[in-house]
Amino acid sequence: MIRTDGSLGWIYSRAIPIFTVPDEILEWFGSASDVTQRKQAEEALREQQERAEFVADASDVGFWFCDLPFDKLAWDKRVKNHFWLPPDAGVTIHTFYERLHPEDREPTRRAMERSIANNTQYDVEHRTVAPDGRQNWIRALGRTFYDAAGQPTRFDGVTLNVTDRKQSELALSASEAPLSRAGRGPRSAGAGPHSGAAVRQSRNTADVGKPEDALDSHDDGAGRGAQADCTRPA
């Protein structure tokens, strides 16, 4: 409807016919309500949902909702994609564990139990495995919700696909491993800055220009020093 101030409004009307004889309407009886505020609120909510959906799609963030105890799980299309499932797939807690990498199942289960028992944030990274063997690295963040009596009722959160980051980290770690092993290798005997060869070279340089008898005396001392060094433990 158009209001007196020229703005548009919404009217919700309901009516029933009043008959005098069969198939002849005498009048209508009904009511009309101004629902403009409700429609405006619904439109604002729809816009917020569209924006949230756009952000979630652009960032590849999935949303999951689980009633406790675990049975059927509510996953959006992005979480299902992270777990190699089609958008229309039904999901249970068994589906969740089946799609986890076998090595990650027990650590993930323990992390969930700790979060629920201690009311702490759930934050794990695990691998999901497709039927053909392909893998995703997924980070999952969530929290537990409790009723007035302190009993856990819901376990909700989000998933993020971090496969690219994890692959880069693993590749970098693999490339640094040979360098790290080489750096930990044993130092060659006599290669240090205080080796006998380096000491002798320093002494010979210092002896340039000294009288011959002084050189002979110095060499005797050097020989005794070298002999004494050989008695030290390696």
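Residues of the range 127-177 being exposed (fewer than 14 other Cβ atoms within 10 Å of the Cβ) and in a loop (DSSP other than H, G, I, E, B), which ones?
The answer is Ala130, Pro131, Asp132, Gly133, Arg134, Asp147, Ala148, Ala149, Gly150, Gln151.
For the range 1-21, which residues satisfy the criterion of being closer than 19 Å to Glu42 by Cα and hydroxyl-bearing (Ser, Thr, Tyr)?
If the condition is that a residue be closer than 19 Å to Glu42 by Cα and hydroxyl-bearing (Ser, Thr, Tyr), then Ser7, Tyr12, Ser13 are the ones that fit.
Taking the condition of being exposed (fewer than 12 other Cβ atoms within 10 Å of the Cβ) and either among the aromatic types (Phe, Trp, Tyr) or modelled with pLDDT under 95 (or both), how many residues in the range 91-101 meet it?
0
Would you mind telling me which numbered condition in (1) at negative phi; (2) of a type in the set (Phe, Trp, Tyr); (3) surrounded by 15 or more Cβ atoms within 10 Å (Cβ to Cβ) Trp84 fails?
Result: Trp84 fails condition (1) only.
Kindly indicate whether Leu85 is outside any helix (DSSP H, G or I), under 21 Å from Pro152 (Cβ atoms), at pLDDT 95 or above and among the hydrophobic types (A, V, I, L, M, F, W, C).
Answer is no for this residue.
The values are calculated or read from the model by the stated rules, or taken from the named source; none is laboratory data. The structure displayed is predicted, hence computed values, not measured ones. Cβ sites come from the backbone with ideal geometry, for glycine too, and all protein chains shown count toward neighbours.
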